[in-house]
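A short reminder: the numbers here are calculations on the coordinates, not readings from a lab. Keep in mind that what you see is a predicted model, and the values were worked out from it rather than measured. Counting neighbours? That spans all protein chains shown, and the Cβs are built from the backbone with ideal geometry, glycine included.
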Amino acid sequence: MAGNFMDIVQYNEDNRAFEGSQTSNISIKTLCDIMTKNDEEITPMQKYAQVNDLMLETFGKKCSEIKYSKMVKEMQEISWDSSAASGERQWTYQTCNEFGFFQTTDLENQPFGKEFGIEFSIRLCQDIFGQKYDKKFLQSKIDWTNVNYGGKDIKVSRVIFINGSIDPWHALGLTNKNDTEGDNQVIFIEDTAHCANMYPESPNDLPQLKQARIDILKFLTEKLI
């Protein structure tokens, strides 16, 4: 259920139709309209079901897979012909070995209950990659990554840091010009989502997104040519 929201929020209104995205016409507004209307007629759980029905219809599926064991088995596949080879296994391996960017229900102010906290993510790492991937192991890997690359105190030059305010991942990046120094540049694009500046231009692009592309091209031209 939560995954239905994660993908839409992350890529909200990004111009992804050109690459065959099946959800490019579904936005945060689409989901909020479902979740906030008809309060007197249907329950919140029924609204979650409506969102799920929308996603099933969008992807041409009849039902949602709910078995944890099947998910683990798929993620253990190492063949390039497997469903996990599209990137899900690789991303999960990175989270378990480098940075621990787990999506959990540990925060209080969120609508998905308490069913998949950080302990769930640790268990998933262990079930897919082996029992050594316990909390201590994960923390050591995260610490190494932050020390090796510098975390938010990264020491680099001629780098442009770009984030969108709607993209949940922006919390992990540099979003203020005072976060870095030297000949680096920070561009924080209000009201845009994940990698919005990297998608093709659209007539619907916000003015700040258009300006960001101009600033990015200017920076790259100055630094690389």
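Numbers for the structure displayed
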| quantity | calculated |
| --- | --- |
| Two-decimal ratio, the stretch 171-215, of alpha-carbon radius of gyration to 2.2 N^0.38 Å | 1.24 |
| Rough spin-label spacing in nm, given labels placed 7 Å along Cα→Cβ, for Ile42 and Leu107 | 2.6 |
| Model label zone, Asn146; criterion: amide N under 14 Å from point 7 Å along Cα-to-beta-carbon; scope the stretch 157-194 | 172-173 |
| Kirkwood hydrodynamic radius of the stretch 73-165, Cα pairs, Å | 15.3 |
| More than 16 Å apart - percent of Cα-Cα pairs taken over the stretch 1-40 | 37 |
| Simple spin-label estimate for Met6 and Lys70 in nanometres, 7 Å along Cα-Cβ | 1.8 |
| Cα-only radius of gyration and Dmax that characterise the chain, units Å | 19.9, 61 |
| Cα point-scatterer Debye curve for the stretch 26-110, base-10 log of I(q)/I(0) at q = 0.12, 0.19, 0.23, 0.25 Å⁻¹ | -0.58, -1.12, -1.19, -1.20 |
| Gain in span if fully extended, Ala49 to Gln131, counting 0.36 nm per residue against the direct Cα distance | 26.0 nm |
